[in-house]
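Student: Submitted below is the structure of interest, expressed as structure tokens.
Where a number appears in this text, it was derived from the coordinates with a stated rule and is not lab data. Source: prediction; values computed, not measured. In this analysis, Cβ positions are derived from the backbone assuming ideal geometry, glycine residues included, and neighbour counts consider all displayed protein chains.
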Amino acid sequence: MAIDKTKLPEFLGFVACGNPHAHEYLEIMARVVYHADDAVDEPLTASERQELIARLLWAVFVELPRNRFHVEHGIVLAPLLSDVIVQWQKSDEWRTAEHADYARRVFGFVRRENMDSLVGAVAGIVGGRKHALAVAELVMDICHADGETVEEWIER
């Protein structure tokens, strides 16, 4: 989910629907995703990469287990997160693999942003179906507004 980091607090606040624990959960998860993405995509020195990984591990092993939303809903969200991780990994493989046909690349293009599904699930938990639908529209409007095409993504 690509979003301008300056818009992230307001966006997560809307998604969390006034639930401070859900808001904090989403903030932690966003940091984890940004750190993981940077560890893979950014040209970092060894010490910068170590610092980044240390912050990622801190968020996952120290902050997340203390978050009340995670404690209450983590078991339900775990299978969804498992799929998010698998699709994130496979999407890049499908983008670059010589054996991947165009249909597989298109699927990878869509699934690379699978973290959207966690945002939608949290919105549904805290605000119900109508709120989740509103969040889905907002995700499309602000997270996918860059207009990157499948072809541009493949060529990266």
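Student: Can you spot the aspartates and glutamates whose alpha carbon is less than 13 Å from Lys7's alpha carbon? Ignore those fewer than 8 places along the same chain.
Tutor: Straight-distance partners of Lys7: Glu27, Asp141.
Student: Another question, if that's okay. Let me check against my output: what whole-number percent is the relative contact order of the chain, with C-alpha pairs under 8 Å and at least 6 apart?
Tutor: 30
Student: A follow-up question, please. For the stretch 8-155, report the % of Cα-Cα distances exceeding 19 Å.
Tutor: 59
Student: Select from the stretch 1-78 those trypsin sites (Lys or Arg not before Pro) which occupy a DSSP coil region and have at most 10 other Cβ atoms within 10 Å, ordered by residue number.
Tutor: Filter output for the stretch 1-78: Lys5.
Student: Where in the stretch 76-126 are there GluC sites (Glu not before Pro) that are in a DSSP coil and have at most 15 other Cβ atoms within 10 angstrom of their Cβ?
Tutor: Within the stretch 76-126, the qualifying GluC sites (Glu not before Pro) (loop, at most 15 other Cβ atoms within 10 Å) are Glu98.
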